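The values are calculated or read from the model by the stated rules, or taken from the named source; none is laboratory data. This structure is a prediction, so every number in the text was calculated from the model and none was measured. Note: ideal-geometry Cβ built from the backbone for every residue, glycine included; neighbour counts use all protein chains shown.
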Amino acid sequence: MEIVKDKQSVAELLHTARLEVAPETFYLVGLRHEDWRRLLENPELSPRGQAPFMVFSDAHEVTLLLDEIDWRTIRHAARDAQVEGAFRLLTFDIVLGWDVVGFLARVTQILAEAGISVGALSAFSRDHLLIKQEDLGKALQVLGEHVAELC
């Protein structure tokens, strides 16, 4: 896919995007660094390679984004974790160059105006949103007016 440069307005770029909804339900898991190191010692507690997942480590904690199957696999070993569940993962299937300004700002503004809380994630070439399952229908309804296709 060709990288889109900031030659178009953000609204025009959004109108060319496909919005994909992952079929899985996801969990955000916050771990202390020592608990994460303990999990790493057991390969059976690693996320499945074919499943979507994210690991982000900062100075304060390690955050995992796992689907329900992987969360059920590790939850017995992560009893002290902070957990928030029932998320759906939405992916904007458009590759934006790093010179595009305001894409996620516009998307989150649309959702905020509809009263929908969102977690924004950026991968190298795609932007993603975490939306609570109970807000998914409304989120798709309001975003559907701004994207090329809902998948």
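Miscellaneous remarks
- Restricting segment 1-48 to residues that are more than 30 Å from L143 (Cβ to Cβ) and part of a loop (DSSP other than H, G, I, E, B), the residue that is modelled with the lowest pLDDT: S46
- Scan of segment 126-151 for residues that are closer than 19 Å to E12 by Cβ and more than 13 Å from the chain's Cα centre (by Cα), ordered by number: V142, L143, G144, E145, H146, V147, A148, E149, L150
- L96 in contact with a strand residue (DSSP E or B) (Cβ under 6 Å, 6 or more places away or on another chain), at pLDDT below 95 and buried (at least 19 other Cβ atoms within 10 Å of the Cβ): yes
- Pairs meeting the criteria (first residue in segment 85-101 and assigned to a strand (DSSP E or B), second residue of a type in the set (K, R), beta carbons under 6 Å, at least 6 apart or on different chains) are A86/K132; T91/R126; D93/R18.
- Residue in segment 72-79 that is exposed (fewer than 14 other Cβ atoms within 10 Å of the Cβ) and in a loop (DSSP other than H, G, I, E, B) present: yes
- Condition met for D99 (assigned by TED's automatic domain parsing to the domain that holds R18, of a type in the set (D, E) and under 15 Å from the mean Cα position of the chain (by Cα)): no
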